[in-house]
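Step one of this worksheet: look at the structure below.
The values are calculated or read from the model by the stated rules, or taken from the named source; none is laboratory data. Everything quoted here is computed from the prediction, not taken from an experiment. As a convention, Cβ positions derive from the backbone with ideal geometry for all residues, glycine included, and neighbour counts pool all protein chains shown.
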Amino acid sequence: MCNRYGYRHPLNALIDEFSEIGPVRWDRLEPNQPLDQIRPTDRAPVIRRTEEGAELAMLRWGLIPSFWTGPAGEWGRFRNARTGRVEKNPFTNARSESISKTSAYQGAYAHGRCLIPATEYFEWTRDPQTPKGRSLMWKFTVPGQPVFAFAGIWDRARTADGVVESFALLTSAPGPDQARYHEREPVVLARTQWAAWLDPANDMARTFKGSAAGSLSVEPFVEA
């Protein structure tokens, strides 16, 4: 959780949408079309600070930390073997409560903040009325805010396959709109928090507690 989200606007719309944090540079080397279904390991847009200001960059979803030098595809398997966990898509989400103490994330939290633009995200629940508990898909949006931003971190790893830039989004305990669908909630920043989040001097992760009631809209979603 969250392991799928969407950004349904052209990428060049982000230049205006995030202009309140300052001019946003984009090299326009990527296609401009919307990204309806963003999944782990996909490349997706993030807004991050550079020495020249803010930029829009396309990064891999699923963070590979800077200290990893093996093959990019081996990072998740290495961590699963080390921790004993079996996670199909590890490191797409970082727990805000422990991010500053988790070896895979603490470097990125200290120097690599980003905003992750989205227009919706998705969760799944099981339908108890069916024998095998089929999955029900739910779409979450932010009322009155067609484009919002998750709190994110990014890192650059010089892997055996070359340089990989990747990101993860932060999660917190769920607010009341999210709680019935999942025990964790992606951190959706208020617009007034965007600039502050990009400044790594601000230790904000510990303040993320889940969104207030009415902050999210939820509706059933059927994939085409």
Restricting the search to region 58-83, which residues are modelled with pLDDT of 90 or more, hydrophobic (A, V, I, L, M, F, W, C) and in contact with a Phe, Trp or Tyr (Cβ under 8 Å, 6 or more places away or on another chain)? Leu59, Trp61, Leu63, Ile64, Trp68
Residues being modelled with pLDDT of 95 or more, hydrophobic (A, V, I, L, M, F, W, C) and touching a Leu at 6+ places or on another chain (Cβ under 9 Å) - total across region 25-53: 3
Note on region 194-215: residues farther than 14 Å from Leu170 by Cα and free of Cβ contacts under 8 Å to residues at least 60 places away in the same chain are Ala196, Ala201, Asn202, Ala212, Ala213
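Answer yes if at least one residue in region 90-98 is over 23 Å from Asn202 (Cα atoms), outside any strand (DSSP E or B) and at pLDDT below 95, and no otherwise.
Keep residues of region 90-98 that are over 23 Å from Asn202 (Cα atoms), which gives 90.
With outside any strand (DSSP E or B) added as a condition, the list becomes 90.
Keeping just the survivors that are at pLDDT below 95 gives 90.
Within region 90-98, one or more residues are over 23 Å from Asn202 (Cα atoms), outside any strand (DSSP E or B) and at pLDDT below 95.
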Tally the residues that are in contact with a Gly (Cβ under 7 Å, 6 or more places away or on another chain), at pLDDT 95 or above and either of a type outside the set (Asp, Glu) or surrounded by fewer than 18 Cβ atoms within 10 Å (Cβ to Cβ) (or both), restricting the search to region 144-159. 2
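Taking region 178-218 as the search range and keeping residues that are acidic (Asp, Glu), loosely packed, with under 14 Cβ neighbours inside 10 Å and modelled with pLDDT of 95 or more, which one is farthest from Arg126 (Cα to Cα)? So that I can check it myself, show each step before the final result.
Just the residues of region 178-218 that are acidic (Asp, Glu), to begin with: 183, 185, 199, 203.
Imposing the further condition that a residue be loosely packed, with under 14 Cβ neighbours inside 10 Å reduces the set to 183, 199, 203.
Next cut, modelled with pLDDT of 95 or more only: 199, 203.
On the way: Asp199: 39, Asp203: 36 Å.
Among them, the one singled out is Asp199.
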Across region 12-45, the tally of residues that are basic (Lys, Arg) and without any contact (Cβ under 8 Å) to a residue 24 or more places away in the chain stands at 2
Only one of these conditions is not met by Val163: (1) farther than 16 Å from Tyr7 by Cβ; (2) hydrophobic (A, V, I, L, M, F, W, C); (3) crowded, with 22+ Cβ neighbours inside 10 Å. Which number is it? (3)
Just to be sure I understand, how many residues within region 46-76 are more than 14 Å from Asp155 (Cα to Cα), in contact (Cβ under 8 Å) with a residue 24 or more places away in the chain and not in a helix (DSSP H, G or I)? 7
